[in-house]
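S.K.: The structure's right below; bear with me while I get my questions together.
The values are calculated or read from the model by the stated rules, or taken from the named source; none is laboratory data. Remember, predicted model here, so these are calculated numbers, not experimental data. As a convention, Cβ positions derive from the backbone with ideal geometry for all residues, glycine included, and neighbour counts pool all protein chains shown. These area figures cover heavy atoms from the full protein model, side chains too; ligands, DNA and RNA do not enter into them. Shrake-Rupley method; radii C 1.70, N 1.55, O 1.52, S 1.80 Å.
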Amino acid sequence: FDAALRGGEVHFGTHLDVTSYAEGVRETHNPSGRALPAVVWDFYQNGCSLRLLCPQAFSSTVWNFLSILQEQFGSMAGANTYLTPPGTQGFAPHYDDIEAFVLQLEGKKHWRVYRPRRDAEVLPQFSSANLTQAELGEPVLETVLEAGDLLYFPRGFIHQGDCLPDAHSLHITVSSYQRNSWGDFLEKLIPAALQMALEEDVEYRRGLPMDYLQYMGVANSDTVDARRTAFVEKVQSLIKKLIDYAPIDAAVDQRAKSFLHDCLPPVLTQSEKAQSVYGFPARWQDGAPRDVDILITKDTEVRLLRHGIVRLCNEEAGVMLYYTTENSRVYHKEEPKFIELDPEYTDSIEFLLSSYPNHITVDNLPCETLEEKISLATLLFEKGILTTKKPLVQV
């Protein structure tokens with residue numbers, strides 16, 4: 001917390017929330033402007049909790065941790081850090097739309113966790129509003145976390161945490177699987193299937209019966225009418241046929257495209273940095289630029305920096321290669337990063353994906369000419385997507 005505040009880039013509301021919860025009332029106390037240490041610590045001394053949003057932007061340790069988790073989960077991994085004074089509570093009881101992992105870093109915190117109250121709140125698509133104590137019932141879990149302890153609660157499990165009188169609390173909540181359900185996938189797939197069906201099957205383009213408004217609708221739902229039966233059967237038939245037009249793989253690619261936009265950029269080891277564009281020794285020396293040219297040859301051995309940092313998508317505008325290496329550590333600070341590729345490069349991207357983690361020579365890329373092989377490898381190297389087995393320039 002203190003290091004982030006002293007870095008001078010923390011602003012109330014954007015990076016830091018000041019909150020309190022007392023006598024059943026949850027309040028946010030964010031002033032405007034920069035979060036200066038003297039102001040922030042004064043809030044804390046007066047019993048307010050502090051929530052640092054996006055700690056991965058300020059901590060390389062958190063960044064590295066989340067970048068590993070996002071690859072394992074196949075879903076965005078985010079985090080918030082919470083600092084709470086002794087004897088206080090910063091947030092009202094609520095449930096979230098994410099899978100939550102609470103890791104206690106300092107001090108202690110008393111937690112109460114409650115089962116979903118009804119079926120509609122099991123694995124919810126959206127978080128709840130603040131709840132009152134009267135709405136909760138009995139906790140399914142009540143525990144005190146100490147430094148090093150981990151608590152997990154799934155989407156929909158109501159929770160509240162308060163500090164004991166004798167200790168402050170510092171914890172980080174890691175989250176994942178937000179809007180990552182079958183239903184969320186179908187939200188992408190079904191409209192695409194319907195669009196394809198409309199284009200390819202005349203049955204979806206035929207006009208509705210002229211008199212259907214007279215016998216369909218809620219007001220007519222109890223009416224016994226052969227026309228109603230025929231209408232419902234027709235709708236059911238068209239819905240069943242939609243599966244034949246469902247572009248399942250294309251919908252997955254669109255989900256993957258969104259996921260790559262959500263992703264943190266990869267954290268490089270020292271050796272990876274030396275073998276990538278990020279360690280390339282281009283510099284100003286003795287009055288002139290030195291080591292500027294990226295000299296990739298047919299014998300250069302290359303591989304993807306990570307398997308999960310790219311995704312090929314066939315879109316109306318062409319073949320797009322989405323990638324994460326130029327993403328920001330701040331969520332969606334940058335627009336999605338992509339390269340528009342000539343379709344003949346598709347096989348080479350797939351070859352790099354299937355070869356990972358092994359290195360291949362540039363000459364083995366399935367492009368038509370050596371010039372195209374070197375051109376593609378150079379482009380991917382410049383974007384941080386490819387690394388070389390040996391540094392291109394020895395310094």
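S.K.: Ignoring ligands, DNA and RNA, what percent of the 1.4 Å accessible area of the range 253-306 is carbon and sulfur?
M.R.: On the way: 1450 of 2900 Å².
Carbon and sulfur atoms account for 50 percent of the accessible area of the range 253-306.
S.K.: Indicate the gyration tensor shape class of the range 152-278 (rounded, prolate or oblate), computed on the Cα atoms with a ≥ b ≥ c the square roots of the eigenvalues: a/c under 1.5 is rounded; otherwise a/b larger than b/c is prolate and the rest oblate.
M.R.: Values: a/c = 5.49, a/b = 1.76, b/c = 3.11.
It is oblate, given that a/c is not under 1.5 and a/b is not larger than b/c.
S.K.: Where Lys and Arg each count +1 and Asp and Glu each count -1, what net charge lies around D249 among other residues with Cβ under 14 Å from its Cβ? Please list the in-between numbers first.
M.R.: Working: positive: K188, R255, K257, R311; negative: D253, E315, E350.
Spelling it out: positives minus negatives among the neighbours equals +1.
S.K.: Accessible surface of F351 in the full protein assembly, 1.4 angstrom probe, to the nearest 10 Å²?
M.R.: Rounded to the nearest 10, the figure is 70 Å².
S.K.: Here's a follow-up. Just in the range 279-337: which trypsin sites (Lys or Arg not before Pro) are loop by DSSP and have at most 16 other Cβ atoms within 10 Å? Before the final figure, lay out each step's value.
M.R.: Numbers: sites: R283, R290, K298, R303, R306, R311, R329, K333, K337; in loops: K298, R306, R329, K333.
Taking the range 279-337 and a limit of 16 other Cβ atoms within 10 Å, the loop trypsin sites (Lys or Arg not before Pro) found are K298, K333.
S.K.: Alpha carbon centre of the range 1-44 versus the range 79-123: separation in Å?
M.R.: After rounding, the separation between the Cα centres reads 19 Å.
S.K.: Taking Cα Rg over 2.2 N^0.38 Å as the quantity of interest, determine which of (i) 1.28; (ii) 1.20; (iii) 1.04 was computed from the displayed structure.
M.R.: (i)
S.K.: Which sequence of K109, K389 reflects their accessible areas, 1.4 Å probe, from the largest down? Don't skip to the end; give the middle numbers.
M.R.: On the way: K109 10, K389 100 Å².
Ranked from most to least accessible, the order is K389, K109.
S.K.: From the cross-link list K108/K257; K273/K337; K298/K383, which pairs have alpha carbons spaced over 28 Å apart?
M.R.: Details: K108/K257 40 Å; K273/K337 20 Å; K298/K383 19 Å.
Violating the 28 Å Cα-Cα cut-off are K108/K257.
S.K.: I would also like to ask the following. Below 12 angstrom from the Cβ of E301, what's the summed charge of the other residues (Lys, Arg +1; Asp, Glu -1)? Numbers along the way, then the final one.
M.R.: Values: positive: K298, R303, K389, K390; negative: D299, D363.
Within the 12 Å Cβ shell, the charges total +2.
S.K.: Per DSSP H run of at least 4 residues, take -39500 (n - 2.57); add these up for the chain, divide by its residues and hand me the 222 nm value, nearest 500 deg cm²/dmol. Don't jump to the answer; show the numbers that get you there.
M.R.: Numbers: 10 runs with 110 residues, N = 395.
Calculated at 222 nm, the ellipticity per residue is -8500 deg cm²/dmol.
S.K.: Where the centroid of each part is defined by its Cα atoms, how far is the range 354-386 from the range 137-183 in Å?
M.R.: Measuring centre to centre over Cα atoms gives 46 Å.
S.K.: Considering only protein heavy atoms and a probe of 1.4 Å, how much of the accessible area of the range 137-231 is carbon and sulfur, as a whole percent? It would help to have the intermediate numbers written out before the result.
M.R.: Working: 3380 of 5890 Å².
Carbon and sulfur atoms account for 57 percent of the accessible area of the range 137-231.
S.K.: Here's a follow-up. Can you give me the accessible area per residue for the chain, using a 1.4 Å probe, in Å²? Display every interim value, and only then the final one.
M.R.: Values: 21680 Å² over 395 residues.
Accessible area per residue: 55 Å².
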